[in-house]
Amino acid sequence: MGITVSKLDELATTDVTSALALVTQLVQEKNPDLDVRRGVLHDLVLYFSAILAAAKDTEIARVRSSMSLKAINADPTLADTDLVDAVLSNFRVTRKVGAKATGQITIVLDKLLPTTIVAGARFTTLGQVFITERAFAARTDAAFVVSTDDVVIAEVGAGTYSFTISVIAENTGASDTVLRGTAFAVAIPPAHLSRAFAAADFVQGTSIETNQEFIARFESGIAAKTWSNRSTITALIIDQAQFEDIVGTSIVGMGDAEMFRDQHSLLPISYGGRTDVYVRSQALPLSTTKTVTATLVATVENGGVWQFSVARDDVPGFYEVARVALASAAATDTGYEVTTTTRSFDISGTGFKPDIETAQEAAFSSFQTATVQFLDTNTSTAALTINQSTQSYSVTFRGMPLISEIQEFLDSRSVRNPAGDVLVRGAVPCFLTVNFSLRKRSGAADPNVNAIRLAVAAAVNKLEFPGELHASLISDAIQDNLDSSVAIAKIDLLGRILRPDGTKRIIRDNDVLDIPDEPALGVSGRTVAFLLDPQNIGITIETVDAPTVI
Amino acid sequence: MSTLADYIGRTVDVSAFHGVEATGEVQLRQVLAETESSGLVITGMQKLAQRFVLEFLTDKGSMKYLPARGGTFLANARAGSLRTEVDVFTSFELALGSIESALLAEENSTDPDDERYLFAELTNIAFTPDHIKLYITLNSRAKTTRSVILPISTLT
């Protein structure tokens with residue numbers, strides 16, 4: 001609702017009658033000879049003056065509400081955005097203006113020939129449009145490159161060639177959906193186009209903050225940016241420009257059932273002085289691809305078991321390995337099965353380090369290390385030697401970004417709590433799969449499933465550490481994209497929690513997905529975040545053949 | 001013809017109807033000011049008559065923020081339910097209840113008696129193909145009367 005009264009019908013009757021009484025009294029006092037009770041003066045002059053006066057009073061009340069922190073807090077939806085911006089700027093909080101998603105798309109051709117992608121070329125996936133901001137000239141050889149906008153076409157194999165271009169989302173807003181390998185449709189395909197796909201995870205866009213979200217963030221804005229309590233610690237973190245888009249934090253400390261690091265003594269009692277900061281730094285985990293050297297550690301009937309190590313600084317705080325493939329494999333190759341991931345930790349070196357004694361305590365932190373084994377079913381092991389033969393692989397990890405950076409910031413001497421340590425960890429992930437049916441009347445148009453997927457994922461992924469996920473939240477997000485001829489049914493929520501000890505727990509429900517209370521395993525509503533990739537949303541369209549009544 | 005003395009100690013309203021004659025049946029002009037003259041102010045019995053007419057001709061609910069004002073007679077006329085004299089008398093009496101309440105509620109005991117409502121009666125009815133003509137006699141507390149003839153269109 002805006003400040004201005006746009007229609008005189010939207011006023012409250014009590015406001016108008018009060019204004020009419022006041023106007024009548026004032027006019028009568030000023031002109032005692034006029035009859036202002038009923039007649040032309042009353043009906044044509046005072047009555048309409050009172051309506052206009054009530055409209056102004058209403059506008060003034062709205063301005064007051066918008067400028068009152070108490071009123072804004074009571075109902076942020078009623079406040080004018082410009083005024084809320086102005087009021088909250090007094091507390092050094094500014095609205096997030098949103099950003100467009102960006103990324104790179106690999107264009108695969110089935111013939112080597114120079115290709116031009118014009119500025120404004122459109123690429124679509126999952127209902128989202130991405131465009132090129134400038135033209136790209138793909139050259140067949142590096143010798144032909146003449147400008148910084150030129151890219152070189154590389155041979156991929158199997159008679160295909162590829163080059164990579166940069167794109168940006170057409171619209172500002174949350175666009176946390178495009179993962180590496182996601183296929184794109186090209187509006188005007190270049191000659192000999194074979195396919196187009198995301199070269200890497202896209203940098204997520206962010207939505208313009210609503211009043212409600214802005215107010216929810218307000219507390220950290222007015223809080224002192226110091227190491228004091230949970231509000232101020234969060235404020236301290238998000239006050240830094242590079243951390244301002246963090247989705248949420250959860251701080252576990254002394255007295256919390258999830259805190260065991262403060263019991264490292266002869267007696268199993270809490271001594272305090274330890275803080276775990278669980279961070280959901282963005283909506284979905286970031287994929288990071290690295291080339292590693294793996295060693296053959298065993299041979300089995302259908303291939304070789306290879307092993308590589310992940311040092312603490314390689315991919316700080318990663319959750320899991322999403323893909324292992326030969327370095328020469330095509331991007332669409334799904335890779336090999338990861339057989340084991342054994343986590344450990346490394347707190348060696350100089351400088352202040354948090355108190356960590358177990359791999360579980362270090363899981364998803366920047367002190368986590370790991371040894372990963374996988375089964376390569378392609379490479380012949382006949383001529384290879386166990387524990388000696390090595391080979392390069394392309395490995396894609398998934399994890400929350402910024403874990404190492406936040407740890408480093410909070411560990412700095414000027415920031416660190418002088419009475420204890422802090423350990424920054426990625427939120428314990430609960431990877432979600434959501435399935436539901438949309439039942440439409442025979443003859444009704446199909447709903448826009450891509451828009452629904454995005455809406456559902458956005459609704460879930462903006463949650464911080466909610467402890468439980470309600471099907472009603474899903475319904476609400478779906479409903480906004482449906483017309484009255486389509487109904488929602490059979491919502492199925494399935495979650496896979498990756499515990500810090502490396503084990504998994506599956507949870508499933510139709511109504512509410514509760515995070516189990518397993519503090520000894522590092523799993524509780526304080527530590528777990530729901531992560532929903534739009535591609536893990538299954539939508540079944542059902543046609544209802546109800547009998548015709550009329 | 002009124003004189004200045006007629007207005008001393010009284011409150012005035014703007015006249016909404018021009019061409020009023022003390023006696024006889026004349027067609028009034030519903031204007032606040034005419035091209036040849038300025039607007040008029042009224043008081044006394046004529047002001048009471050104007051209050052009554054305005055209240056009677058206001059459709060109840062048509063003033064959004066004063067929903068109690070007005071009567072129900074016009075709504076009945078538009079609905080086509082006034083087909084006999086009995087219908088008209090009944091509808092008039094029903095409307096008169098709320099109109100009387102409104103008029104009496106806004107009066108003060110200090111008002112001149114000829115501006116205070118006493119009662120109104122429907123003395124005659126004339127039907128034409130497209131109108132119902134109401135002959136209403138309005139009585140003030142000063143025992144003065146004023147005849148008001150209202151042609152109500154029955155075509156919608």
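The values are calculated or read from the model by the stated rules, or taken from the named source; none is laboratory data. Predicted, not measured: the structure shown is a model, and the values here were computed from it. Glycine gets a Cβ as well: all are built from the backbone with ideal geometry, and neighbour counts include every protein chain shown. Surface accessibility is based on the protein's heavy atoms, side chains included, excluding ligands, DNA and RNA. Shrake-Rupley method; radii C 1.70, N 1.55, O 1.52, S 1.80 Å.
Choose one of B:91, A:335, A:455: the residue whose Cα lies farthest towards the positive end of the charge dipole of the protein assembly as shown (beta-carbon charges +1 Lys, Arg; -1 Asp, Glu; about the Cα centre).
A:335
Could you work out, residue by residue across A:3-14, how many beta carbons of other chains sit within 10 Å of that residue's beta carbon, and then give the average as an integer?
Details: counts 0, 0, 0, 0, 0, 2, 2, 0, 2, 1, 4, 1.
For peptide A:3-14, the averaged partner shielding equals 1.
Which value, in Å to one decimal place, does the Kirkwood hydrodynamic radius take for the stretch A:376-420 when every pair of different Cα atoms is included?
Numbers: mean 1/r = 0.0658 Å⁻¹.
Hydrodynamic radius (Kirkwood, Cα pairs) of the stretch A:376-420 is 15.2 Å.
Provide, in order from the shortest bin, the percent of all Cα-Cα pairs of the stretch A:8-66 in each 5 Å bin, continuing until the bin that contains the maximum pair distance.
The distribution over the stretch A:8-66 is 4, 20, 26, 22, 13, 8, 5, 2, 0, given as percents.
For n ≥ 4 DSSP H runs only, could you compute -39500 (n - 2.57) per run for chain A, divide by its residues and tell me the 222 nm figure to the nearest 500?
On the way: 10 runs with 110 residues, N = 550.
Result for chain A, helices only: -6000 deg cm²/dmol.
Which of the lysines could a cross-linker span from residue A:490 if the Cα-Cα distance has to be under 22 Å and same-chain partners fewer than 8 positions apart are dropped?
Counting by Cα, and skipping residues close in sequence, residue A:490 has these lysines nearby: A:440.
If you look at just the Cα atoms of chain B, how large are its Rg and its Dmax in Å?
Spelled out, the Cα radius of gyration and Dmax of chain B are 16.0, 47 Å.
With every protein chain present, what accessible area does residue A:337 have (1.4 Å probe, heavy atoms only), rounded to the nearest 10 Å²?
120
As an exercise, use a Förster radius of 41 Å and the Cβ-Cβ distance of residue A:239 and residue A:22 to find the FRET efficiency, rounded to the nearest 0.05.
Details: r = 48 Å, r/R0 = 1.18.
Given R0 = 41 Å and the Cβ-Cβ separation, E is 0.25.
Please list log₁₀ I(q)/I(0) at q = 0.07 Å⁻¹ for the protein assembly as shown, using the Debye equation with identical point scatterers on the alpha-carbon positions.
At q = 0.07 Å⁻¹ the computed log10 ratios are -0.71.
Over the alpha-carbon set of the stretch A:102-198, divide Rg by the Kirkwood Rh and report the Rg/Rh ratio to two decimals.
Numbers: Rg = 13.0 Å, Rh = 13.6 Å.
Rounded to two decimals, Rg over Rh is 0.96.
Express the Stokes-Einstein translational diffusion coefficient of the stretch A:261-357 in µm² s⁻¹, to the nearest whole number, given a Kirkwood radius over alpha-carbon pairs, 37 °C and a viscosity of 0.692 mPa s.
Details: Rh = 17.3 Å.
My calculation gives 190 µm²/s for D.
Helix B:44-57: angle to the longest alpha-carbon principal axis of chain B, degrees 0 to 90, nearest 10?
Here the helix axis deviates by roughly 30 degrees.
Mind ordering B:115-121, A:454-460 by average Cβ neighbours within 10 Å, highest first? Don't jump to the answer; show the numbers that get you there.
On the way: B:115-121: 17.7, A:454-460: 22.4.
Ranked from most to least packed, the peptides come out as A:454-460, B:115-121.
From the P(r) of the stretch B:5-97, could you give the percentage of C-alpha pairs in the tail past 20 Å? Kindly include the intermediate steps, with their values, before the conclusion.
Numbers: 2251 of 4278 pairs.
Summing the P(r) of the stretch B:5-97 above 20 Å gives 53 percent of all pairs.
Quick one: which of A:37-44, A:486-493 comes out on top by average Cβ neighbours within 10 Å, and what's the full order, highest first? Don't skip to the answer; put the middle values down first.
Details: A:37-44: 20.5, A:486-493: 16.9.
By packing density, highest mean first, the sequence is A:37-44, A:486-493.
Given bins 10 angstrom wide, list per bin the percent of all Cα-Cα distances in the stretch A:167-262, short to long.
For the stretch A:167-262, the pair-distance distribution reads 13, 28, 25, 19, 10, 5, 0.
Just to check I understand the Karplus step: with θ = phi - 60° and J = 6.51 cos²θ - 1.76 cosθ + 1.60, what whole-Hz values come out for the stretch A:154-159, glycine and proline as x?
10, 7, 9, x, 6, x
So what does log10 I(q)/I(0) come out to for the stretch A:234-301 at q = 0.11, 0.22 Å⁻¹, using the Debye formula with one equal point on every Cα and no solvent?
Results for the stretch A:234-301 at q = 0.11, 0.22 Å⁻¹ read -0.55, -0.94.
I'd like the Kirkwood hydrodynamic radius of the stretch A:391-550, using the inverse of the mean 1/r over distinct C-alpha pairs, in Å. Can you show the working numbers first?
Numbers: mean 1/r = 0.0547 Å⁻¹.
Hydrodynamic radius (Kirkwood, Cα pairs) of the stretch A:391-550 is 18.3 Å.
Please list, or write none, the aspartates and glutamates whose alpha carbon is within less than 12 Å of the alpha carbon of residue A:56, excluding same-chain residues fewer than 8 places away.
A:15
Indicate the helices, whole DSSP H runs only, in chain A that combine a mean Kyte-Doolittle hydropathy of -1.0 or more with a Cα extent along their long axis of 24 angstrom or more.
Counting only whole DSSP H runs, the qualifying helices are A:13-30, A:47-67.
State, to one decimal in nm², a quarter of the convex hull surface area for the C-alpha atoms of the stretch A:303-423, i.e. the direction-averaged projected area. Show your work: numbers first, answer last.
Values: hull surface 35.4 nm².
Mean shadow area of the hull around the Cα atoms is 8.8 nm².
On average, how much area does the Cα convex hull of the stretch A:305-373 cover when viewed from any direction, in nm²? Could you put the intermediate results ahead of the total?
On the way: hull surface 21.4 nm².
Mean projected area of the Cα convex hull: 5.4 nm².
Residues of B:49-59, mean number of Cβ from any other protein chain within 10 Å of their own Cβ, rounded to a whole number? Intermediate results must be reported in sequence, preceding the final value.
Values: counts 0, 4, 5, 1, 1, 5, 3, 0, 0, 2, 0.
Averaged over the peptide's residues, the number is 2.
Each residue of the stretch A:249-261 in turn: what ³J(HN,Hα) in whole Hz from Karplus with 6.51, -1.76, 1.60 and θ = phi - 60°, glycine and Pro shown as x?
10, 9, 10, 10, x, 4, x, 7, 5, 7, 8, 10, 5
Could you work out, residue by residue across A:30-38, how many beta carbons of other chains sit within 10 Å of that residue's beta carbon, and then give the average as an integer? Before the final figure, lay out the partial values.
On the way: counts 0, 2, 1, 8, 5, 14, 3, 10, 14.
That average works out to 6.
Report the far tail of the P(r) of the stretch A:491-550, meaning the percent of Cα-Cα pairs longer than 15 Å. Intermediate values should be presented prior to the final figure.
Working: 1091 of 1770 pairs.
The share of Cα pairs beyond 15 Å in the stretch A:491-550 comes to 62 percent.
Just tell me which lysines come within less than 21 Å, Cα to Cα, of residue B:133; anything on the same chain fewer than 8 places away is out.
Within reach: B:60.
Return the long-range amide H neighbours of residue A:200 (sequence gap of 5 or more, or a different chain), with a cut-off of under 5 Å between placed amide H atoms.
Under 5 Å from the amide H of residue A:200 lie the amide H atoms of A:104, A:181, each far enough along the sequence or on another chain.
Of the listed peptides A:362-374, A:528-540, B:50-62, A:89-101, what is their order by residue-averaged count of other C-beta atoms within 10 Å, with the highest listed first?
Details: A:362-374: 23.4, A:528-540: 20.9, B:50-62: 18.8, A:89-101: 15.4.
Going from most to least packed, we get A:362-374, A:528-540, B:50-62, A:89-101.
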